[in-house]
Amino acid sequence: MKLLVDAVQSSKFITHKKTNDLIKKIESLASTYEASKLQRQVYVAKRIKTQNESIYYNVDKIHEAISVNVRISFQYFEWTIDKQMIFRKDGERYIISPWALTWADENYYMVGYDDEGGIIKHYRVDKMKDIQITDIRRQGKEQFKGLDMAVYSKRLFGMYGGKEETVKLQFENKLVGVVIDQFGKEIQIRKEKEDHFTVNVKIEVSQTFLGWIFGLGSGVKILSPVNVVEQMQRMVDLAVKIYK
């Protein structure tokens, strides 16, 4: 129960109100004494939480559409510098075949098939508005047939996708724990020098990925391919220019 309370508290995609409601439900499963112990460890007030109260209903509708094998339509928004919500594509509705829900980068995402573009896409559930279930059958069954959601989420580095590449990275030995945490224990580690090792990872190269590399400082170096090395060089040059 303590683990459940911690998970609910730390979930950014659950609003403050829903967080407190869920914790009360968890407490109701315990005795009066146990519930009082749970309550003493609840710290929700200053956590960063989503502002979209309808996320529960969004999840319900997505699950319903998946179960009856139909597409959904919805509007998708983003925030302005004035903290105002504006719809993308001028409010035009997205029509997507939903296939899965995944929790990554502390957010909840719907992964679906874009029938018009013919590609797999992902959307933050808390940024979806007015989800409607259509009577149009889903597409993308073949594309999702062999898709491993855990691998898919890991490659996206925070769900900001880019072009998929096999990237060779060189790390100092002291960062082996960081590499295993990020890519899993199944990653193939090759010892190159006494104090360095290399790995080959298949990921979608994005600003998020390059930022992760940048944050590790001199302990890591991109070896190949050349176009990814050049992207990193441009990012470093831009950072130097900003702070010069």
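Go through Lys168, Lys185 for me and flag whichever is in the same structural domain as Ala239 (by TED's automatic domain parsing), in contact with a Pro (Cβ under 9 Å, 6 or more places away or on another chain) and within 30 Å of Ile120 (Cα to Cα).
The conditions single out Lys168.
Condition check ((1) in contact with a strand residue (DSSP E or B) (Cβ under 6 Å, 6 or more places away or on another chain); (2) buried (at least 18 other Cβ atoms within 10 Å of the Cβ); (3) assigned by TED's automatic domain parsing to the domain that holds Lys61) across all residues:
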residue	(1), (2), (3)
Arg71	yes, yes, yes
Phe74	yes, yes, yes
Asp82	no, no, yes
Met85	yes, no, yes
Met110	yes, yes, yes
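Which condition from (1) of a type in the set (Gly, Ala, Ser); (2) surrounded by fewer than 11 Cβ atoms within 10 Å (Cβ to Cβ); (3) modelled with pLDDT of 80 or more is the one that Gly146 breaks?
(3) is the only condition that Gly146 fails.
Please work out which residue is farthest from Gln9 (Cα to Cα), limiting yourself to region 112-143 and to residues that are small (Gly, Ala, Ser) and surrounded by 19 or more Cβ atoms within 10 Å (Cβ to Cβ).
So, considering only residues that are small (Gly, Ala, Ser) and surrounded by 19 or more Cβ atoms within 10 Å (Cβ to Cβ), the one farthest from Gln9 (Cα to Cα) is Gly140.
Return the total of residues in region 61-97 being over 20 Å from Phe144 (Cα atoms) and of a type in the set (A, V, I, L, M).
3
The values are calculated or read from the model by the stated rules, or taken from the named source; none is laboratory data. Here the structure is a predicted model, which is why all the values come from computation and not from measurement. Cβ sites come from the backbone with ideal geometry, for glycine too, and all protein chains shown count toward neighbours.
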